[in-house]
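Peer 1: Dumping the structure here so I can ask a few things about it.
The values are calculated or read from the model by the stated rules, or taken from the named source; none is laboratory data. Just so it is clear, the model here is predicted, and its values are computed rather than measured. No Cβ is skipped: glycine too gets one built from the backbone with ideal geometry, and neighbour counts run over all protein chains shown. Only protein heavy atoms, including side chains, enter the accessible area calculation; ligands, DNA and RNA are left aside. Shrake-Rupley method; radii C 1.70, N 1.55, O 1.52, S 1.80 Å.
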Amino acid sequence: MSRPAGARDLLAGLVDPGSWQSWDLAPAHGGVDASYAAELARAAERAGTDEAVLTGRARIRGHDVALIVSEFRFLGGSIGRATADRIVAAVGRATAECLPLVAAPASGGTRMQEGTPAFVTMVDISRAVVEHKNAGLPYLVYLRHPTTGGVFASWGSLGHVTLAEPAALIGFLGPKVYEALSGAPFPPGVQIAENLVAKGVIDGVVPPADLADVVARTLRLLRPAAVASGRVPTRPPRRPGADVWSSVRLSRRADRPGVLELLRYAADDHVLISGTGAGESGHGLVGALAAFEGLACVVVGQDRRAQATAGLGPADLRAARRFMQVAQQLRRPLVCLIDTPGADLSVAAEEGALASEIARCLADLVQLSVPSVAVLMGEGCGGAALALLPCRRVIAAEHSWLSPLPPEGASTILHGTTAHAAATARRQRIGAAQLLADGVVHVVVPEPSPAHVDPANFCRRIAAAVVTQLAGQLRPAVTLTGEVYTLI
C-alpha cells in the first residue's frame with residue numbers, strides 16, 4: 001500500500017467545511033540534543049505540521065466531535081512525550097466538553113529517539129481514554145495504514161467501535177522489525193485490516209471516502225432521542241388447535257425471520273460491530289448499534305442461519321460480553337435476541353470454556369445498570385439461550401420457546417427415544433403462553449400469521465414491543481450532556 005494520506009488530507013474529506021478548530025499549542029521539545037532537534041525540524045518541514053498528531057474539534061455531518069489525527073510523515077507518526085501531552089490534553093478536553101472522540105492513528109509506535117520516557121506515555125494516553133469512556137462518551141477509532149507497535153497496543157485498540165482503512169497494515173510488531181529480529185519475513189496477509197475483521201479483532205473496513213457517513217451514522221445511533229410509546233398485546237390470541245409442538249416446528253423453519261431481518265425491516269438505522277476484539281469472531285452472533293423508533297440501543301443477536309452447521313460457541317459468548325460492556329460504557333439500553341438450536345457440542349467448545357462463558361454472560365447481564373430486554377425470537381434451546389435471558393424484561397414471540405434441551409433430547413432422557421418429543425415439549429411447558437403464565441417472560445407478541453408468512457410486520461411488532469419495554473425502564477433526566485435516560 002502507498003504512503004498514507006496526511007492528517008490534513010484526511011480531515012479535509014472527513015469534517016464539515018469550515019468547522020475545524022485546532023486545539024494544538026506549540027510542542028515543548030526543550031532539552032533535546034542537536035541531532036534530534038534537527039530531525040524534528042526536518043520532520044516539521046516535510047509534514048507541514050509541528051508534531052505527529054493534530055487535535056481539535058469539528059463537525060462531521062453536523063455532529064460535534066473531538067478528533068485526534070496522526071501525521072505519518074512526521075517521524076512515522078511516532079509518539080514522543082510532546083505528542084503524548086497533546087493527545088492527553090485533547091482527550092481530557094473532549095471529556096470536559098462532553099464530545100464524542102474520533103481517533104485516526106497512523107503510527108509506527110513509540111518514538112525511538114526518546115526511548116522509555118516516551119514509551120511509558122502510552123499509559124497516560126490510555127488512562128485519559130478510559131476516563132473519557134467512563135464518562136459515557138463514545139470513542140471511535142479509525143486505524144490507518146500503517147498502525148503498529150505501542151499505538152495499536154494502547155489507544156488504538158480501546159474504541160467502542162474500531163474501523164480500519166482498506167488493506168491497511170495493522171499489527172503489534174512492525175514487519176521490518178520482525179524480519180530484523182527473526183531473520184525471516186512475517187507471513188503475508190496476517191497484519192492486514194481485512195484479516196483482522198475476519199479474526200474478530202476489529203469491527204470493519206471503511207474507505208476514507210465513506211468514513212464521514214459511517215461516523216455520522218454511528219454517532220446518530222448513539223445520540224439520545226425521544227422514546228416512542230407504542231403498545232403491543234401481552235397475550236397471544238387463543239387459536240383453536242394451537243399446540244406447542246407446532247410452534248417448535250414453525251420456529252425451525254429456514255425462512256423464519258431472525259436478527260438480520262429485524263435490523264433490516266424494523267431498525268431506523270444500524271451499524272454492525274463484530275467479534276470479541278481479542279482475536280475471536282465466532283460465527284453465530286450479530287452485534288449492532290441500532291435505533292428503533294428513535295431509541296438508540298446496543299443489539300446482541302443470535303443469528304439462526306449462521307448456526308445451521310454448529311451451535312453457539314464460546315467465542316460467540318465472549319463477543320456477546322463485549323457488546324454488553326459497550327452498552328454499559330455508553331449507557332445505552334441492551335437488546336438481546338435469542339434464537340438458537342443450542343450450544344456448540346464439540347471438543348473445541350469444551351476446551352474453549354463454553355460452560356464458563358455461559359456463566360460469565362449470566363453474571364455480566366445481571367450486573368448491568370442500563371435498561372435491558374431479552375427477546376425469544378424462535379428457538380431457545382439450552383445454555384446458549386439462557387446466557388442472554390436475564391434481562392430486566394423478557395419478550396417472547398408467539399411461536400418461540402425455551403427449554404433446557406431440544407425436545408428430542410429431553411424425550412431421549414425420559415423415554416429412551418425421541419418418539420415422545422411432542423408430548424415432552426407440552427409437559428415441560430416450553431411454549432410462549434406457558435412461559436408467560438409461569439412468569440418466565442413478561443410479554444408475548446402475537447403472530448397473527450406465522451412470522452415467515454409476513455416477516456416485515458413480524459419484525460415491526462417485535463421492535464414495537466422492545467421499545468415499549470425499554471421505555472418502561474426509562475425516564476428523562478438532564479445532565480451536562482443534554483437529555484439522556486436513566487432508570488426509573
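Peer 1: Mind checking the angle between helix 81-96 and the chain's longest principal axis? C-alpha axes, 0 to 90 degrees, to the nearest 10.
Peer 2: 40 degrees
Peer 1: If you don't mind, there's one more thing I want to ask. Using θ = phi - 60° and the Karplus relation 6.51 cos²θ - 1.76 cosθ + 1.60, list the HN-Hα couplings for the range 201-206 in order, rounded to whole Hz, with x at every Gly or Pro.
Peer 2: Along the range 201-206, the couplings run 8, 10, 8, x, 10, 9 Hz.
Peer 1: Leaving out ligands and nucleic acids, and using a 1.4 Å probe, what accessible area per residue does the chain come to in Å²?
Peer 2: On the way: 20190 Å² over 488 residues.
With the other protein chains kept in place, the chain gives 41 Å² per residue.
Peer 1: Where a ≥ b ≥ c are the square roots of the eigenvalues of the C-alpha gyration tensor, would you call the range 103-160 rounded, which needs a/c under 1.5, or, failing that, prolate if a/b is larger than b/c, or oblate?
Peer 2: Numbers: a/c = 3.42, a/b = 1.41, b/c = 2.43.
Oblate is the answer for the range 103-160, as a/c is 1.5 or above yet b/c matches or exceeds a/b.
Peer 1: On to the next question. Could you check what % of the DSSP bridge pairs in the chain are antiparallel, to the nearest 5? Show your work: numbers first, answer last.
Peer 2: Values: 31 of 67 bridges.
Here the antiparallel bridges make up roughly 45 percent for the chain.
Peer 1: For the range 119-149 and the range 248-315, what is the separation of their Cα centres, given in Å?
Peer 2: About 28 Å separates the Cα centre of the range 119-149 from the one of the range 248-315.
Peer 1: Given the whole protein assembly as supplied and a 1.4 Å probe, what does the accessible area of Asp64 come to in Å², nearest 10?
Peer 2: 70 Å²
Peer 1: Any idea which of Ala315, Gly472, Gly56 is furthest toward the positive side of the dipole for the chain, if Lys and Arg beta-carbons carry +1 and Asp and Glu beta-carbons -1?
Peer 2: Farthest towards the positive pole: Gly472.
Peer 1: Using amide H atoms built in the peptide plane, which far-off residues or other-chain residues are under 5 Å from Ala104 H to H?
Peer 2: When sequence neighbours closer than 5 places are left aside, the close amide H contacts are Ile68, Val69, Ser70, Tyr142.
Peer 1: Please give the contour-minus-distance gain from Leu345 to Val440: 0.36 nm per residue of separation, less the Cα-Cα distance, rounded to one decimal in nm.
Peer 2: Working: separation 95, 0.36 × 95 = 34.20 nm, distance 2.61 nm.
Full-extension gain reported as 31.6 nm.
Peer 1: Then there is this: Please give the direction-averaged projected area of the C-alpha convex hull for the chain, in square nanometres with one decimal. Could the numbers behind the result be given before it?
Peer 2: Values: hull surface 100.6 nm².
Seen from a random direction, the Cα hull of the chain projects 25.1 nm² on average.
Peer 1: Also, quick follow-up: Let me spell out the model: positive unit charges on the Cβ of Lys and Arg, negative unit charges on the Cβ of Asp and Glu, origin at the Cα centre of the chain. What dipole size does that give, in debye rounded to 20? Don't skip to the end; give the middle numbers.
Peer 2: On the way: 45 positive and 43 negative charges, 261 e Å.
For this selection, approximately 1260 debye.
Peer 1: Follow-up question, since we're still on this one. Hey, can you rank 309-315, 450-456, 285-291 by average C-beta count inside 10 Å, highest first? The partial results should precede the final answer.
Peer 2: Working: 309-315: 22.3, 450-456: 17.3, 285-291: 24.6.
My ranking of the peptides, most packed first, is 285-291, 309-315, 450-456.
Peer 1: Roughly how many Å² of Phe74 are accessible to a 1.4 Å probe, to the nearest 10?
Peer 2: Accessible area, nearest 10 Å²: 0 Å².
Peer 1: Projected onto the charge dipole of the chain (+1 at Lys/Arg Cβ, -1 at Asp/Glu Cβ, origin at the Cα centre), which of Thr116, Ser449, Gly409 gives the Cα projection farthest towards the positive end?
Peer 2: Ser449
Peer 1: Gain in length, Asp243 to Leu25, computed as 0.36 nm per residue apart minus the alpha-carbon separation, to one decimal in nm?
Peer 2: On the way: separation 218, 0.36 × 218 = 78.48 nm, distance 7.12 nm.
Separation in residues times 0.36 nm, less the Cα-Cα distance, equals 71.4 nm.
Peer 1: Would you mind computing, in nm to one decimal, how far apart the modelled labels at Arg429 and Val190 are, each placed 7 Å from Cα along Cα→Cβ?
Peer 2: Taking the simple label geometry, Arg429 and Val190 are separated by 5.5 nm.
Peer 1: Also, quick follow-up: If you roll a 1.4 Å probe over the chain with all protein chains in place, what percent of the accessible area is carbon or sulfur?
Peer 2: 56 percent
Peer 1: Something else now. Which value in nm describes the separation of the simple spin-label points at Leu181 and Arg223, placed 7 Å from the Cα toward the beta carbon?
Peer 2: 4.5 nm
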